[in-house]
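Following: one structure in C-alpha cells, then a few remarks.
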Ligand SMILES: Nc1ncnc2c1ncn2[C@@H]1O[C@H](COP(=O)(O)OP(=O)(O)OP(=O)(O)O)[C@@H](O)[C@H]1O
Ligand SMILES: [Mg+2]
Ligand SMILES: [Zn+2]
C-alpha cells in the first residue's frame with residue numbers, strides 16, 4: 001500500500017475523534033442536532049489545529065444519510081465520498097491560489113444550483129484572508145442572501161485581515177492551539193496503531209517542538225520514527241530535531257559559571273559544526289538558568305520548577321553570579337538578532353570570563369566570617385587576640401565592599417609583582433584565594449606579600465617548585 005503521511009492518515013473523521021477544540025465541536029454538533037446551522041462560519045485559529053478537518057466533518061454530518069446526535073455515520077455513500085474527497089456538494093477552494101474576483105464569480109454562479117447529490121452544499125474557503133478586496137466584496141452579497149441549504153466555511157489563520165463587513169455576516173468560531181498533554185496523547189495513539197516503540201520523554205520533546213500544531217506533531221512523529229527506524233526515543237528526537245538535552249545545556253551553563261571560556265567556546269563551535277540549532281540551544285540555556293535562579297532563591301521551588309532537583313547543583317553559586325550570567329545570556333539572545341548568532345554567543349561566552357573573579361570574593365566575605373571555627377583552629381599558634389582583630393577587619397571590609405581579585409592586583413604598586421600576580425594562576429580553596437607563584441617571586445616579594453595578606457586575609461600565596469626529575473610541578477605552601 002502506498003505510504004500515507006501520518007498527518008493525513010490520522011485526520012479525524014468524526015467530531016468525537018477531534019482532539020481539543022471542545023468549544024467549536026460542541027457549537028457545531030448542537031447546531032446540527034437542533035437544525036440551526038448558520039449560512040456562514042468563520043473558523044479562525046492557528047495553523048494545523050483542525051479547521052479544515054472540522055469543516056469537512058461538518059459537511060459530512062450535514063449530508064449523512066444516518067446521522068446520530070450530530071455525528072456523521074461514516075458509512076453511507078455520502079460520508080464515504082466526502083472522506084475520499086469526491087463528493088460533488090462539498091466544494092473546497094483555496095483562497096491562497098484563487099484569490100481574485102473571477103474565482104469568486106464562478107463560485108457565486110455555482111452557488112445558485114441546488115445540491116447535486118446531498119442535502120446541503122458546503123463551501124470551504126481556506127486561507128480566506130488571502131482573498132482580494134474585490135473578491136471579498138463580491139462574496140459579501142452571496143453571504144448576505146445565501147440560497148437555502150448552503151453553508152460557507154471561511155477558514156483563516158489571520159483573523160485580523162478579514163474585513164469587518166464579512167466578519168459581521170459570519171458566525172465566528174475560534175480555534176486554539178492544542179495543549180501539550182493532549183498532543184502527547186494523540187501521538188501515543190498513533191504510535192500504538194503504527195506499532196512504534198515510543199518513550200514518553202521523546203513525545204514530550206516532539207510536543208514542545210510542535211507548539212500546539214497537530215499537523216506538525218503528526219508529521220514530526222512521522223519523520224522521527226523513520227529516522228529512528230521504528231523507535232522514538234529521546235536521543236533520537238534530540239538528534240532529529242537538532243536540540244540538545246537539558247543535561248548537556250546545564251553542563252554548558254556550568255562552564256559559564258566557572259569561567260571556563262575555552263571549554264564553552266569549543267563546545268559552541270562543535271554543536272554549530274554538527275548542525276544543531278544554535279538559537280534553540282541558546283533559548284534552552286535561558287530556560288535552564290532561569291530555573292537555576294528560581295531553585296536558588298525560592299524556599300519551595302517545587303511549586304514553580306517541576307524538575308527542581310536537577311538544579312540543586314547550582315545552589316553553590318552566588319545569586320549574583322547566576323544573575324550576571326542570566327543577563328549575559330539574555331543579551332546574547334538580543335544580539336543574535338542583528339548578527340551571526342554564533343558570533344553573538346561567542347561574545348557572550350567571553351563576557352563570562354570574569355564571573356569567577358567576582359565570584360570567590362563575593363563568597364569570601366561570607367565564607368571567612370562563617371568559618372570562624374576553622375580560623376580558630378588555625379590561629380591556635382598565634383596570640384588569641386588576633387582572632388577578634390581579624391574578624392573586625394573583615395566585617396569592616398565586608399561593609400565597605402570587598403574588592404575583586406582583579407582590583408586587588410591592580411592596586412599592587414610594584415610593577416614586577418603586579419605582573420607576577422597577573423600571570424599567576426589562582427584558585428579557590430577552603431574559602432581562600434590561593435595564588436601559585438614562582439619560588440623566586442615568593443622570596444623576593446616576601447614583605448609585600450605579607451602586607452597583602454594582612455590587608456586581605458583571604459589571600460594565600462603558594463610557591464610552585466619545579467622538580468628536577470620530572471616536569472611536573474609541586475606546590476609548597478608558603
Ligand atoms: N484537533 C485535531 N485533532 C486531531 N488531529 C488534528 C487536529 N487538528 C489537526 N489535526 C491533524 O493535523 C492535520 C491538519 O489539520 P487541518 O487541515 O484541519 O488544520 P487547519 O487548522 O485547517 O490548518 P491550516 O490553517 O494550516 O489549514 C490533520 O490531517 C490532522 O492529522
Ligand atoms: Mg486548513
Ligand atoms: Zn453517513
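Would you mind pulling out the separation of the Cα centroids of segment 285-302 and segment 314-340, in Å? Cα centres, segment 285-302 to segment 314-340: 14 Å. Against the chain, whose longest principal axis is taken from its Cα atoms, helix 180-194 shows a tilt of about 70°. Applying 0.36 nm per residue to the separation of residue 17 and residue 450 and subtracting their alpha-carbon distance, the gain on full extension is 147.9 nm. Compute the acute angle (0 to 90°) between the alpha-carbon long axis of helix 101-111 and the principal axis of greatest extent of the alpha-carbon atoms of the chain; round to the nearest 10°. With rounding to tens, the tilt is 50 degrees. Would you mind computing, in nm to one decimal, how far apart the modelled labels at residue 245 and residue 9 are, each placed 7 Å from Cα along Cα→Cβ? According to this spin-label approximation, the distance is 2.9 nm. Computed extension gain for residue 419 through residue 80, at 0.36 nm per residue and net of the alpha carbon distance, reaches 113.5 nm.
With a simple spin-label model that places each label point 7 Å from the Cα along the Cα-to-Cβ direction, the separation between residue 235 and residue 172 comes to 5.0 nm. Put a dot 7 Å past the Cα of residue 353, heading toward its Cβ, do the same for residue 101, and the two dots end up 6.7 nm apart. What does a probe at residue 91 reach in segment 125-141, counting residues whose amide N is under 11 Å from the point 7 Å along Cα→Cβ? Residues 125 qualify, since their backbone N sits under 11 Å from the label point. Between segment 29-52 and segment 79-157, the C-alpha centres lie 14 angstrom from each other. Normalised Debye scattering of the chain at q = 0.06, 0.08, 0.11 Å⁻¹ gives log10 I(q)/I(0) of -0.50, -0.70, -0.99, counting only Cα atoms as equal scatterers and leaving out solvent. If R0 is 45 Å, the Cβ-Cβ spacing of residue 160 and residue 263 corresponds to a FRET efficiency of close to 0.40. With R₀ fixed at 51 Å, the C-beta to C-beta distance from residue 438 to residue 226 puts the FRET efficiency at about 0.25. Computed extension length for residue 145-residue 73: 22.8 nm, one decimal, from 0.36 nm per residue of separation with the Cα-Cα distance subtracted.
Taking Cα atoms only, the orientation of helix 200-210 departs from the longest principal axis of the chain by about 70 degrees. With R₀ set to 51 Å, the beta-carbon distance separating residue 30 from residue 335 gives a calculated FRET efficiency near 0.45. Here segment 186-220 is scanned for amide nitrogen atoms under 14 Å from the site 7 Å beyond the Cα of residue 283 along Cα-to-Cβ, giving 205-213.
Since every read-out is calculated from the coordinates, none of them should be taken as a lab result. Remember, it's a predicted structure, so these values are computed and weren't measured experimentally. Methodologically, a virtual Cβ is constructed for each residue, glycine included, from the backbone with ideal geometry; neighbour enumeration extends over all protein chains shown.
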